[in-house]
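The structure is given below, and queries will be raised subsequently.
The values are calculated or read from the model by the stated rules, or taken from the named source; none is laboratory data. The shown structure was predicted, so the numbers you read here are calculated from the model rather than taken from an experiment. Don't worry about glycine lacking a Cβ; one is built from the backbone with ideal geometry, like all the others, and counts go over all protein chains shown. Calculation scope for accessible area: heavy atoms of the full protein, side chains included, ligands and nucleic acids excluded. Shrake-Rupley method; radii C 1.70, N 1.55, O 1.52, S 1.80 Å.
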Amino acid sequence: MNLKFTSKKKNLKKYFEDNGYIIIKSFFSKKECKKFLKIITKYANKDFAPIMNPDRLEYLISQLTKKIDSLKDLGAKVNLINSLQKDCKYFRSVMLNPKILKLLSKIKNKRKISALMSQMIFKQVNSKFSKQSWEPHQDNSYILNKKGEYITINIFMNKSNMENGTMYVWEKSHKYGIFNYKNKVSYREKDNRPGNVSKTKKRFNVKNLDFQSGDMLILHGNLVHGSYANKSKKHSRPLYSVSYIPKGEKFVSGFNAQRKVLN
């Protein structure tokens with residue numbers, strides 16, 4: 001059974017340090033999740049491919065070139081760009097939600113926290129990317145922060161379980177630094193199996209995690225985790241993933257992600 005917290009619990013920091021993850025129950029309301037989904041889905045392509053950095057106008061435009069080109073009227077294109085600008089600000093406001101920053105600061109010894117990037121993963125039923133299953137990987141294998149200070153959060157917009165492609169963790173694997181890994185394409189990959197594959201002779205218990213709409217998973221950057229394919233015919237598994245790091249920490253920006261301090 002998963003141990004879930006409310007954001008007011010005092011032992012969050014200790015649990016995070018011991019286990020490498022925390023599930024904050026009902027951090028967002030179902031109404032907030034529906035609003036987010038309604039807005040982000042406007043920019044999904046026919047395959048419901050992941051959308052990287054929807055809070056940055058240049059990223060949304062670069063991932064919507066076909067849609068923009070399909071509009072014949074200049075006015076329609078201008079209206080779309082205006083809509084993009086408005087929605088980018090909304091996505092950024094979610095990333096910089098004061099409640100999230102305060103919570104992560106509590107976990108990181110009251111240090112100021114910076115947002116770096118985000119990604120929307122739909123796992124929409126009956127779409128090309130519904131079968132996407134992340135290889136067991138460490139998020140910190142991308143940014144290579146030597147102190148292991150990298151953090152990611154995942155906001156679950158719908159119920160998530162084994163049927164529709166939930167996430168799993170290798171319990172306590174965050175305690176061993178960054179493992180050797182195999183580099184893999186992790187954005188709109190062809191094989192539907194993204195994630196730098198962690199390689200280690202150590203053996204860890206694999207724990208499957210279930211979520212309700214509005215739950216938020218906070219992950220230590222060194223905790224090995226992955227996800228399953230969505231085999232459901234009815235239920236999608238959309239989540240918004242955002243990464244953070246304490247201010248002043250070093251990180252690799254990355255060619256595609258172009259992580260940068262956003263606040």
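Residue-by-condition table, conditions (1) over 26 Å from residue 124 (Cα atoms); (2) touching a residue at least 12 places away in the same chain (Cβ under 8 Å):
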{"position": "203", "(1), (2)": "yes, no"}
{"position": "206", "(1), (2)": "no, yes"}
{"position": "226", "(1), (2)": "no, yes"}
{"position": "229", "(1), (2)": "no, yes"}
{"position": "232", "(1), (2)": "no, yes"}
{"position": "243", "(1), (2)": "no, yes"}
{"position": "249", "(1), (2)": "yes, yes"}
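Tell me, which helices (runs of 4 or more DSSP H) lie completely within the range 56-101 with 2 or more residues that are in contact with a strand residue (DSSP E or B) (Cβ under 9 Å, 6 or more places away or on another chain)? Reasoning before the result, please.
Numbers: elements: 57-62, 65-70, 74-95.
By residue number, 57-62, 74-95.
Just name the residue that is modelled with the highest pLDDT out of those in the range 1-25 that are open to solvent by 60 Å² or more (accessible area, probe 1.4 Å), in a loop (DSSP other than H, G, I, E, B) and of a type outside the set (Val, Ile, Thr).
Of everything passing the filter in the range 1-25, 25 is modelled with the highest pLDDT.
Any residue at all in the range 37-44 that's more than 16 Å from residue 157 (Cα to Cα) and open to solvent by less than 40 Å² (accessible area, probe 1.4 Å)?
Taking the range 37-44 and keeping what is more than 16 Å from residue 157 (Cα to Cα), we get 43.
With open to solvent by less than 40 Å² (accessible area, probe 1.4 Å) added as a condition, the list becomes 43.
Yes - at least one qualifying residue is present in the range 37-44.
Can I ask one more? Go through the range 198-234 and give me each residue that's under 19 Å from residue 142 (Cα atoms) and not aliphatic (A, V, I, L, M).
Matches in the range 198-234: 198, 199, 200, 220, 221, 222, 225, 226, 227.
Here's a follow-up. What number of residues within the range 130-155 are of a type in the set (S, T, N, Q), part of a loop (DSSP other than H, G, I, E, B) and under 22 Å from residue 201 (Cβ atoms)?
Initially, the range 130-155 is screened for residues of a type in the set (S, T, N, Q), giving 130, 132-133, 138, 140-141, 145, 152, 154.
With the extra rule that they be part of a loop (DSSP other than H, G, I, E, B), the set shrinks to 132-133, 138, 145.
Then drop every residue that is not under 22 Å from residue 201 (Cβ atoms), which leaves 138.
Matching residues across the range 130-155 total 1.
Within the set of pairs 6 or more residues apart or between chains, which connect a residue that is in a helix (DSSP H, G or I) inside the range 103-123 to a residue that is basic (Lys, Arg) and open to solvent by 20 Å² or more (accessible area, probe 1.4 Å) with Cβ atoms less than 6 Å apart?
Hits for this filter: 107/13.
Now a separate question. Give just the number: which of (1) in contact with a helix residue (DSSP H, G or I) (Cβ under 9 Å, 6 or more places away or on another chain); (2) closer than 25 Å to residue 209 by Cβ does residue 30 not satisfy?
Going through the list (1) in contact with a helix residue (DSSP H, G or I) (Cβ under 9 Å, 6 or more places away or on another chain); (2) closer than 25 Å to residue 209 by Cβ, residue 30 breaks only (1).
Is it the case that some residue within the range 63-70 is over 19 Å from the mean Cα position of the chain (by Cα), more than 24 Å from residue 174 (Cα to Cα) and open to solvent by less than 40 Å² (accessible area, probe 1.4 Å)? Can you show your working first?
As a first pass, look at the range 63-70 and keep what is over 19 Å from the mean Cα position of the chain (by Cα): 64-70.
Those left that are additionally more than 24 Å from residue 174 (Cα to Cα): 64-70.
Those still in the list that are open to solvent by less than 40 Å² (accessible area, probe 1.4 Å) too: 64, 68.
Scanning the range 63-70, I find at least one residue that is over 19 Å from the mean Cα position of the chain (by Cα), more than 24 Å from residue 174 (Cα to Cα) and open to solvent by less than 40 Å² (accessible area, probe 1.4 Å), so the answer is yes.
May I ask you to list pairs of residues, at least six apart or on different chains, whose Cβ atoms are under 6 Å apart, with the first in the range 22-36 being on the phi < 0 side of the Ramachandran plot and the second being basic (Lys, Arg) and open to solvent by 20 Å² or more (accessible area, probe 1.4 Å)?
23/4; 25/4
Do we find a residue being open to solvent by less than 70 Å² (accessible area, probe 1.4 Å), over 22 Å from residue 44 (Cβ atoms), touching a helix residue (DSSP H, G or I) at 6+ places or on another chain (Cβ under 6 Å) and assigned to a loop (DSSP other than H, G, I, E, B) anywhere in the range 165-172?
To start, the set of residues in the range 165-172 that are open to solvent by less than 70 Å² (accessible area, probe 1.4 Å) comprises 165-171.
Then keep just the ones that are over 22 Å from residue 44 (Cβ atoms); that gives 168-171.
Now drop any that are not touching a helix residue (DSSP H, G or I) at 6+ places or on another chain (Cβ under 6 Å), which leaves none.
No, that holds for no residue.
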